[in-house]
Amino acid sequence: MSTIPPPRTHIGQLLTQLTRLFQTELFEKLVAAGLQDARVPHTHVTAYIKAEGSRLTELAAQARMTPPAMSELVDDLQRLGIVERRPDPSDGRAKLICLTDAGWQAMRIARSAIAEIEAEYARLVGTERFEQAAQTLELLLHEVDAREDRARSFR
């Protein structure tokens, strides 16, 4: 007698729903910590910006956005004092998007809030299960990215 496994929600829906809940909780914590102007779309910049700064085109490509859409987010973060545009030392015509002191402080606040959320998630499902899930997702991300890189190299 075979048993049919119970149906489960597909991975895309799980990731989408968990991301929405995570972002909601994160932004509530950021606002409570004094970052009232934080918005979910800002993560398209802050998730990919390098410590030494990033070009707008790099940020847009990593976030899978158009450069004009990314420029709008960067403009908003610049208005808030989180990032600034600086000349790229390797190309005088280009600009680097860099975190300001206030931006670095916002990143520290965000990392602390993320640590709190992760600790709560680990409490809910158990530390070992949470870590295993996070490591599995990290491995899956690495493998899918590598597959995409290989596919791009053949185009």
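Bear in mind these aren't lab numbers, they're just calculated from the coordinates by the rules spelled out. For clarity, every value in this text was computed on a predicted model and none was experimentally measured. Methodologically, a virtual Cβ is constructed for each residue, glycine included, from the backbone with ideal geometry; neighbour enumeration extends over all protein chains shown.
Applying 0.36 nm per residue to the separation of residue 50 and residue 105 and subtracting their alpha-carbon distance, the gain on full extension is 18.3 nm. Mind checking the angle between helix 101-125 and the chain's longest principal axis? C-alpha axes, 0 to 90 degrees, to the nearest 10. Once rounded, one gets 0 degrees.
Taking Lys and Arg as +1 and Asp and Glu as -1, the other residues whose beta-carbon sits under 9 Å from that of residue 88 total +3. In the distance distribution for region 69-144, Cα-Cα pairs more than 18 Å apart total 63 percent. Our summary gives region 8-146 a relative contact order of 20 percent, counting only alpha carbon pairs under 8 angstrom and 6 or more residues apart. Cα extents for region 19-126 along the principal axes, largest to smallest and rounded to whole angstrom: 50, 26, 21. Between residue 95 and residue 122, the FRET efficiency estimated from the beta carbon spacing at R0 = 35 angstrom works out to 0.30. Taking packing as the residue-averaged number of other Cβ atoms within 10 angstrom, the listed peptides 116-128, 132-144, 46-58 run from highest to lowest as 46-58, 116-128, 132-144.
Between helix 11-32 and the chain there is an angle of about 50 degrees, using the helix long axis and the longest principal axis of the Cα atoms. Relative to the Cα centre, the charge distribution of the chain, modelled as +1 at Lys and Arg Cβ and -1 at Asp and Glu Cβ, gives a dipole magnitude of about 360 debye.
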